[in-house]
Amino acid sequence: MENWKKVFAIIWTGQFLSVLTSIIVNFAVILWISMETGSAEMLAWAAIAAILPQALLGPVTGVFIDRWNRKAIMILADSFIAFCTLILAVLFWLEVAEMWHIFILLAFRSVGSAFHMPAMQASIPLLAPEDQLTRIAGISQIINSVGSIAGPALGALFITIWDMQYVLLLDVVGAVIACTSLLFVHIPNPERAEAVIPNVLREMKEGIQVVLQNRGLSWVFLFSILVMLFLMPVSVLFPLMTLDHFGGDAFQVSLIEVVWGVGALLGGAIMGARVYKVNRVVLVNAMNVVIGLTFLLSGVLSPEGFVFFAVLTTIAGICGSVFNSAFTGLVQTYIRPDALGRVFSMFYTLNLLPSMIGLIGIGFFADQLGVATSFIVCGAVIIAIGLFAFFVPSAMRMDRG
């Protein structure tokens with residue numbers, strides 16, 4: 001680990017370009033579907049196609065991530081995602097691309113993501129000192145946040161000046177750079193007790209048991225999943241909140257996306273600046289409370305309060321980034337390296353499944369309760385979960401000292 005900073009500099013350079021080009025392409029696809037169909041239902045199905053395979057495959061992929069060469073997994077997963085994008089580019093070039101082609105290829109890209117992200121997160125504790133893990137998670141948040149700020153703007157620009165197939169090729173270029181950067185670093189694999197053919201169901205169960213053995217971490221997992229159950233429905237309502245409640249336009253919708261990204265960038269910068277001597281469980285709980293409060297206050301704003309909505313969204317972006325950094329650092333600290341792939345994959349699955357509920361239930365939240373009321377109700381529940389978490393002794397004792 002003596003050269004861990006150099007190793008991460010190489011990895012992050014490739015990953016930043018890969019993340020940026022992926023966000024550009026994702027946003028361009030969303031714009032293309034919007035312009036071609038004008039259908040919110042089509043956008044929802046596209047989002048489901050891009051998320052559902054990753055959610056369903058997560059527990060299974062974690063078993064193989066903990067078994068196989070993690071560097072090879074990341075390279076192959078990135079290459080597979082790029083290959084899917086290349087096929088879609090060819091379909092656009094031949095002028096035969098249809099909506100079902102896009103849905104299928106988005107689903108295949110999601111399969112690659114189910115391997116790539118957990119493999120990356122599971123490798124980090126093997127590359128850096130333990131006391132730097134939360135800081136590294138913060139820097140990763142910066143990379144993702146810069147991409148989320150620049151990506152939509154560049155995606156909107158490129159789709160207006162280039163044909164769709166050329167925009168899609170950007171993702172291929174980004175993946176090639178990311179894979180090439182990984183070739184220049186050594187990523188160790190955890191020691192394995194046995195080299196037998198994996199028993200998927202047994203090892204999935206072992207991954208769950210690793211978390212359950214740490215009572216405090218089990219509670220942190222549970223509260224985080226419950227928060228996500230109410231956070232996801234709100235996250236898909238942000239455009240409707242801007243348009244319906246505040247009477248905004250397309251520019252203001254994009255502005256809210258940008259200020260969230262700016263907030264996430266600031267939060268990542270805060271967490272990546274140095275190593276903080278702080279109980280990360282306290283940090284996780286506090287961020288949940290503040291995020292819930294920003295949602296609740298957004299819901300009670302008058303239609304003339306768009307500026308305050310933007311400020312509250314920025315604060316929520318900061319808190320979300322700090323939460324992710326603290327939570328990731330906790331898991332990487334308290335879960336042994338040879339189980340991290342299974343643990344992260346399982347957590348991603350349990351977090352993504354509520355997003356399905358959010359996408360399916362968006363009509364109910366908007367039409368039955370009202371957009372503003374949905375913000376208030378979900379925000380209040382998130383606050384309650386965050387406050388209750390402070391009164392669980394096993395969790396609060398976990399990260400002391």
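The values are calculated or read from the model by the stated rules, or taken from the named source; none is laboratory data. Here the structure is a predicted model, which means the values were calculated and not measured. Here the Cβ positions follow ideal geometry from the backbone for every residue, glycine too, while neighbour counts run over all protein chains shown.
What to note about this one:
- Residues in region 372-386 that are among the small types (Gly, Ala, Ser), crowded, with 18+ Cβ neighbours inside 10 Å and either at pLDDT 90 or above or touching a Phe, Trp or Tyr at 6+ places or on another chain (Cβ under 9 Å) (or both): Ser374, Gly379, Gly386.
- Residues of region 84-102 classified as of a type outside the set (Val, Ile, Thr) and crowded, with 16+ Cβ neighbours inside 10 Å, total: 7
- Scope region 239-257; condition at pLDDT below 80 and either in contact with an Asp or Glu (Cβ under 7 Å, 6 or more places away or on another chain) or among the β-branched types (Val, Ile, Thr) (or both); matching residues: Val253
- Within the set Val284, Val253, Val259, the sole residue that is in contact with a Leu (Cβ under 9 Å, 6 or more places away or on another chain) and in contact (Cβ under 8 Å) with a residue 24 or more places away in the chain turns out to be Val284.
- Subset of region 256-269 [in contact with a Ser or Thr (Cβ under 8 Å, 6 or more places away or on another chain) and not β-branched (Val, Ile, Thr)]: Glu257, Trp260, Gly261, Gly263, Ala264, Leu265, Leu266, Gly267, Gly268
- Yes/no for Leu266 being surrounded by fewer than 22 Cβ atoms within 10 Å (Cβ to Cβ) and either within 17 Å of Leu231 (Cβ to Cβ) or touching a Phe, Trp or Tyr at 6+ places or on another chain (Cβ under 6 Å) (or both): no
- Exclusive hit being closer than 24 Å to Val322 by Cβ, assigned to a helix (DSSP H, G or I) and in contact with an Asp or Glu (Cβ under 9 Å, 6 or more places away or on another chain), set Ala178, Ala122: Ala122
- Qualifying residue in region 182-192 (condition: closer than 24 Å to Arg280 by Cβ and either at pLDDT 75 or above or not in a helix (DSSP H, G or I) (or both)): yes
- Subset of region 75-96 [out of contact with any Gly (no Cβ under 8 Å at 6 or more places or on another chain) and under 17 Å from Phe27 (Cβ atoms)]: Thr85, Leu88, Ala89, Phe92
- Just one of the listed residues (Ser302, Ser321) is in contact (Cβ under 8 Å) with a residue 24 or more places away in the chain and not aliphatic (A, V, I, L, M), and it is Ser321.
- Cβ separations smaller than 6 Å between residues 6+ apart or across chains give the following pairs from region 77-98 residues that are assigned to a loop (DSSP other than H, G, I, E, B) to residues that are at pLDDT 90 or above and crowded, with 17+ Cβ neighbours inside 10 Å: Ala97/Leu91.
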